[in-house]
Structures are given as C-alpha cells and as structure tokens.
Amino acid sequence: MNKSLLLAWVAAIIATLGSLYFSEVMHFIPCTLCWYQRIFMYPLAIMLGIAVYRNDKEIYRYVLPLSIIGMFISGYHTLLQKISYLQQFEMCTSGVPCSKDYINWLGFITIPLLAFIAFTIITVCMIMIVRSNKHAK
C-alpha cells in the first residue's frame, strides 16, 4: 500500500470528522466559505478511501483538482480572517460572517487554517504519487 495515499486518506477523514464535530457537537454554524470547503473535502474522504482499498495509483487525476481548489478556498478564508483589510471583500452576506473566528488556538490556528493544512497534505501526497508513477514507468 502506498503511504502517501494512506496519509491523504487519513487527512481527509480527520478534516471531515473535524468539521462535523465543530458543527454537530460544538454547534458552530458554518459560513458560506466553510460550506464550499466541505463540498470539496467530503468527497475526498470517500474517493481516497476507495483508492486505498483498491491501491489505485491513478486517483490523483480526480483528487488533485478538488484538493487544489479546496486549498485556494481555505487559503483565502484564512487570509480573510487574519487580514482585516480583506474583510471589505467578504462574500458571506447572510448568516455567519466568514471572518468570524470560532476557534483561535495559539493566536493563529483557525478552522479554515486546519482545512488549508488538510488540503495541502492531500495535494502534496497526490503530487508524490504522480512523481512515483513517473519513476515507475
């Protein structure tokens, strides 16, 4: 079994379960950008789980677009929370504002940053799989 594939799956599972914990247990209402991040993360947990089971080394074709887009969304969301100037471009118009920090561990770790880290881990793992596939040929 490919360790990169397994690590990507574990990151997707932790991110998915973490987001469900924050919303269902802690009762944090997701903002618009949080929903978009969930839209890109949740399928990854399923797709990568199937890929781990089948040892599918071609899964990067389907995972990379989702993880890269998710990285951009969560990166923007993180910057929106941390840079007050960007809050004038906030896209959340109803409900919870995207700039709201539900958590702020150690003064900089927020939910969007956790999502960004997960998307980055998945993206790096997929790039490692692409490279190992090229070396195997």
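Listed values, structure above:
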{"item": "Failed condition for Tyr85, given (1) out of contact with any helix residue (DSSP H, G or I) (no Cβ under 9 Å at 6 or more places or on another chain); (2) part of a loop (DSSP other than H, G, I, E, B)", "result": "(2)"}
{"item": "Residues of segment 27-53 that turn out to be under 17 Å from Gly95 (Cα atoms) and among the aliphatic types (A, V, I, L, M), as a count", "result": "2"}
{"item": "Condition broken by Cys92, with the remaining ones in (1) in a loop (DSSP other than H, G, I, E, B); (2) hydrophobic (A, V, I, L, M, F, W, C); (3) under 22 Å from Val10 (Cα atoms) satisfied", "result": "(3)"}
{"item": "Top-ranked residue of segment 49-81 - restricted to ones that are touching an Asp or Glu at 6+ places or on another chain (Cβ under 9 Å) and either at pLDDT 95 or above or among the β-branched types (Val, Ile, Thr) (or both), ranked as surrounded by the fewest Cβ atoms within 10 Å (Cβ to Cβ)", "result": "Ile50"}
{"item": "The lone exception for Glu90 - which of (1) under 30 Å from Ala136 (Cα atoms); (2) charged (D, E, K, R); (3) in contact with a helix residue (DSSP H, G or I) (Cβ under 7 Å, 6 or more places away or on another chain) it fails", "result": "(1)"}
{"item": "Filter result for the condition that a residue is in contact with a Phe, Trp or Tyr (Cβ under 8 Å, 6 or more places away or on another chain) and within 19 Å of Phe22 (Cβ to Cβ), over Phe119, Phe108", "result": "Phe119"}
{"item": "Positions within segment 98-122 being of a type in the set (Lys, Arg) and either within 10 Å of Gly75 (Cα to Cα) or under 8 Å from the mean Cα position of the chain (by Cα) (or both), in sequence order", "result": "none"}
{"item": "Residue count, segment 1-35 (criterion: in contact with a Gly (Cβ under 9 Å, 6 or more places away or on another chain), assigned to a helix (DSSP H, G or I) and at pLDDT below 95)", "result": "1"}
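So that you can scan it fast, the table gives a plain yes or no per residue for (1) of a type in the set (D, E, K, R); (2) within 16 Å of Trp9 (Cα to Cα); (3) without any contact (Cβ under 8 Å) to a residue 24 or more places away in the chain; (4) in contact with a Phe, Trp or Tyr (Cβ under 9 Å, 6 or more places away or on another chain):
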residue	(1), (2), (3), (4)
Val25	no, no, yes, no
Thr32	no, no, no, no
Tyr36	no, no, no, no
Met41	no, yes, no, yes
Leu48	no, yes, no, yes
Val52	no, yes, no, yes
Ile59	no, yes, no, no
Val63	no, yes, no, no
Leu66	no, yes, no, yes
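The values are calculated or read from the model by the stated rules, or taken from the named source; none is laboratory data. From a predicted model like this one, the values you see are computed outputs, not experimental measurements. Every residue, glycine among them, receives a Cβ derived from its backbone with ideal geometry; neighbour counts consider all protein chains shown.
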